[in-house]
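Only one structure is covered here, and it is reproduced in the block below.
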Amino acid sequence: YPPWILFYEGDLSLLKQPMMTIVGSRELNEYGKKNTEAAVSILKDSYVIVSGLAKGADACAHEAALKGGKTIGVIGCGLGRVYPACNRQLYQKIRQNGLILSEYPYFTGPQKYHFPWRNRILAALGEACIVTQAAVNSGTMLTVNEAISLSKDIWCFPYPFLEESGKGCNRLIEQGAGILYE
């Protein structure tokens, strides 16, 4: 389901470069943060980092990418709205040094149903999808399902046994996702 229209702020030429989608939990723990930063530090020289400009893993991926790389944020509201408000400074940095995309008119507020729909764009942009932290039932898994429907490779960081915050990653690995390890 390609979007009818995309609105943008920033450097549209980034869409012509190789891109990698990085997603994860909004409730990022320290292990997930280290995973996100490690993935971005390895990839940012070769890929534009794509994520959803939400709090947690998305914000972490964008911040890490801006340290010497480029990033694209795909949002679930109009470009005239900042959601979540805690990412106001991050939005400004990406507007100046990256790209923000939305399929919603400028002043459209965030709606719960916008975010799962936005995930199809996240999945489509990246050559693959990297999951840095995910519970079994999470928005991250919706992005993964969109990526799978587009035949994109999924890569995950493994989590310790009984670690709830990473059970989604472990399940994806069990189902055939690539495993990221040193």
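Values quoted throughout were computed directly from the atomic coordinates according to the rules given, and no laboratory measurement underlies them. Keep in mind the model is a prediction, meaning the values are calculated, not measured. We place every Cβ from the backbone using ideal geometry, glycine too, and count neighbours over all the protein chains shown.
A Stokes-Einstein calculation at 10 °C with viscosity 1.306 mPa s, built on the Kirkwood radius of the range 132-182 over Cα pairs, returns a diffusion coefficient of 147 µm²/s. Our summary of shape: the Cα atoms of the chain have principal axis extents of 44, 33, 30 Å, ordered from largest down, in whole angstrom. Sorting the segments 20-33, 123-136, 101-114 by their residues' average number of neighbouring beta-carbon atoms within 10 angstrom, most packed first, yields 123-136, 20-33, 101-114. In summary, the range 80-182 shows an alpha-carbon radius of gyration equal to 1.20 times the 2.2 N^0.38 Å reference for compact globular proteins. Take every Cα-Cα pair in the range 1-100 and report what % of them are more than 21 Å apart. So the pairs more than 21 Å apart make up 27 percent of the total in the range 1-100. Secondary-structure-derived ellipticity at 222 nm for the chain, considering helices only, amounts to -10500 deg cm²/dmol, per-run term -39500 (n - 2.57) for DSSP H runs with n ≥ 4.
Which lysines, on any chain, are close to residue 152 with Cα under 20 Å apart, when same-chain ones fewer than 8 places away are left out? By straight Cα distance, residue 152 reaches 16, 44. Counting only residues at least eight positions apart within a chain, or on another chain, the aspartates and glutamates with an alpha carbon under 17 Å from that of residue 70 are 9, 11, 37, 45, 58, 127. Sorted largest first, the principal axis extents computed over the alpha-carbon atoms of the range 104-147 equal 31, 24, 15 Å. With viscosity 0.692 mPa s and temperature 37 °C, the Kirkwood radius over alpha carbon pairs of the range 65-140 converts through Stokes-Einstein to a diffusion coefficient of 243 µm²/s.
Considering only 96, 54, 145, and ranking their Cα positions along the charge dipole of the range 49-182 that arises from unit charges at the beta-carbon of Lys, Arg, Asp and Glu, the one farthest toward the positive end is 96.
Pairs of Cα atoms nearer than 8 Å and 6+ residues apart set the relative contact order; for the chain it is 23 percent.
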